[in-house]
Amino acid sequence: MKYSKLFLTIALALFATLGTSMAQEKMSMEEYQAQLQEWQEREAKATQALEECQAKVSELEGQIESTNADIQTMWSEIYAEMGAEEADIDAYRDELKALDAQVSGLLALSPEELFQRRDEVEQAEAKLAEMKKNPISALSEMQDMIATIEGKLTQIQNKMPKAVYDEYTVVMGDYLWKISGKPDIYDNPMQWMRIYSYNTDQIKDPDLIHPEQILKIHRQSGEDEYLVEKGDYLVKIAGKADVMGDPANWTKIYEKNKDLVGDDPNMIFPHTILVIPQE
């Protein structure tokens, strides 16, 4: 009972304090009307500002629409100058994208795989060169795509070996005839000339090689190389379409390989690797 009275007394004191506070915070009708008018004025200003913004948005939309129309007209004039239509531009773009994908695939190959598919690289280069002749290539978008493809083709050329060869380390007792006859080399002693002619930078005398020498074992010829076959002679070689295409150019082949061929241009041996001059 004692605590109940104490609680009741505290509660009454709190209600009295709250009532006094609420009475103090109560506003008069004049204050309410003034505050209401202030909010109404602020709302009117905000509404007016919103309407002005909407008007500016409508004006900008109109300008954008007009600008887009001007741009479309300009592009139509550009296409007309090129003798092309928008469909032609789209087709050219798609063709460049396809070429870029092809070149990217080639770039992902190993150097040896690239050498095996060097014809595809040449075809891609030829196709790009042909596409660059089209007036559409002058568009900045196309110029960027062409530059990207050209960069990848340059990387491919730097990555692709001029020829494919293995390496062999000379051991005690080796000589070219013996090396050439090994099953994992040429399995034919008669092809010793192939090893000698491909390593003239380090073999001056074919009868004199040294242990620990690392010899290049030719596997496939590059575009500036020719592996002499039985029955070949310089005039015949020069006349081949995939070599020089003109028998009269035999002297150029001879001059390029004079140190290897010797004084008699009519005496060349099968399995000799000749360097073909590039005109």
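At a glance:
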quantity	calculated
Residues satisfying the stated conditions in the range 251-272, i.e. of a type in the set (A, V, I, L, M, F, W, C) and modelled with pLDDT under 95	LEU260, VAL261, MET267, ILE268, PHE269
Positions within the range 213-235 being outside any loop (DSSP other than H, G, I, E, B) and touching a strand residue (DSSP E or B) at 6+ places or on another chain (Cβ under 9 Å), in sequence order	ILE214, LEU215, LYS216, ILE217, HIS218, ARG219, GLN220, GLU225, TYR226, LEU227, LEU234
Failed criterion for TYR79 (all others in (1) surrounded by 13 or more Cβ atoms within 10 Å (Cβ to Cβ); (2) touching a Phe, Trp or Tyr at 6+ places or on another chain (Cβ under 9 Å); (3) at pLDDT below 90 hold)	(2)
Which numbered condition LYS133 misses (of (1) part of a helix (DSSP H, G or I); (2) modelled with pLDDT of 80 or more)	(1)
Filtered residues of the range 171-189 (kept if of a type in the set (A, V, I, L, M) and either surrounded by 17 or more Cβ atoms within 10 Å (Cβ to Cβ) or touching a helix residue (DSSP H, G or I) at 6+ places or on another chain (Cβ under 7 Å) (or both))	LEU176, ILE179, ILE185
Residue ID - nearest to the chain's Cα centre (by Cα), chosen from residues in the range 97-128 that are among the acidic types (Asp, Glu) and at pLDDT 95 or above	ASP100
Residue list for the range 98-112, restricted to those being loosely packed, with under 12 Cβ neighbours inside 10 Å and more than 11 Å from ILE156 (Cα to Cα)	ALA98, ALA101
So LYS152, is it within 30 Å of GLN123 (Cβ to Cβ), out of contact with any Leu (no Cβ under 8 Å at 6 or more places or on another chain) and not in a strand (DSSP E or B)	no
Check on TYR92, of a type in the set (Phe, Trp, Tyr), over 20 Å from GLU225 (Cα atoms) and assigned to a helix (DSSP H, G or I)	yes
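Here's the yes/no breakdown for (1) of a type in the set (Val, Ile, Thr); (2) farther than 30 Å from VAL103 by Cα; (3) out of contact with any Asp or Glu (no Cβ under 6 Å at 6 or more places or on another chain):
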position: ILE149; (1), (2), (3): yes, no, no
position: GLN157; (1), (2), (3): no, no, yes
position: ASP166; (1), (2), (3): no, no, yes
position: TYR175; (1), (2), (3): no, yes, yes
position: ILE179; (1), (2), (3): yes, yes, yes
position: ILE185; (1), (2), (3): yes, yes, yes
position: MET190; (1), (2), (3): no, yes, yes
position: ASP201; (1), (2), (3): no, yes, yes
position: LEU208; (1), (2), (3): no, yes, yes
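Matching residues to (1) farther than 21 Å from PRO161 by Cβ; (2) aliphatic (A, V, I, L, M):
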| position | (1), (2) |
| --- | --- |
| SER197 | no, no |
| LEU234 | yes, yes |
| ALA238 | yes, yes |
| VAL243 | no, yes |
| ASP263 | yes, no |
| LEU274 | no, yes |
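The values are calculated or read from the model by the stated rules, or taken from the named source; none is laboratory data. It should be emphasised that the depicted structure is a prediction, and the values quoted were computed from it without experimental measurement. Reconstructed Cβ throughout: ideal geometry from the backbone, glycine too, with neighbour counts over all protein chains shown.
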